[in-house]
Amino acid sequence: MPNQPIKVYYYPLSPPCRAVLLTAKLLGLKVELILINIMEGEQKTPEFLKWPMLAGKEYNEEKAEKLKEVVGWLNSMLEGRKFVAGDKLSIADITTVVTMSNLDSLGFDYSSYPNVKSWFERTVKELEPYGYEEINKNNADKLATMLKKE
């Protein structure tokens, strides 16, 4: 089977897209990037809109307030662990670090969560050779800037 690139429909500011791109780079996979501008609604095809979970939901204040509780849970889970799923970097770390980098870019204070803070720093360092800054950090910062304007 020829080694053809995997088509990735993406938007650079999208956290799941950034996780996919970091994972692909880490695994050395060839990807063909197809930009979908979600700010212009390009993703809202008839097929997409058939799935209500993808079409968007209203902001839920109650769920948003649980953020510190969830970060606290992650802090407890990381006790005595180097990475989320054990002693080696995994896809679990990549997807989690993308989410946590969004919080970091928005100014979330990790000082009360020492395990999360050290895990975050360690994971970023592991991913730096695979384009962490370009793929994730820069886009998390752009997303945070955009969200702060709203």
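Scanning the stretch 79-102 for residues that are part of a loop (DSSP other than H, G, I, E, B) and of a type in the set (Ser, Thr, Tyr) returns a single hit, Ser90. Kindly establish whether Val84 is among the aliphatic types (A, V, I, L, M), over 14 Å from Trp119 (Cα atoms) and modelled with pLDDT of 80 or more. The answer is no for Val84. Evaluation of Tyr59 against the conditions (1) aromatic (Phe, Trp, Tyr); (2) at pLDDT 85 or above; (3) farther than 30 Å from Leu29 by Cβ shows that the sole unmet condition is (2). Would you point out the residue of the stretch 97-132, among those that are at pLDDT below 95 and β-branched (Val, Ile, Thr), that is surrounded by the fewest Cβ atoms within 10 Å (Cβ to Cβ)? Within the stretch 97-132, the match that is surrounded by the fewest Cβ atoms within 10 Å (Cβ to Cβ) is Thr99.
The values are calculated or read from the model by the stated rules, or taken from the named source; none is laboratory data. Everything quoted here is computed from the prediction, not taken from an experiment. Don't worry about glycine lacking a Cβ; one is built from the backbone with ideal geometry, like all the others, and counts go over all protein chains shown.
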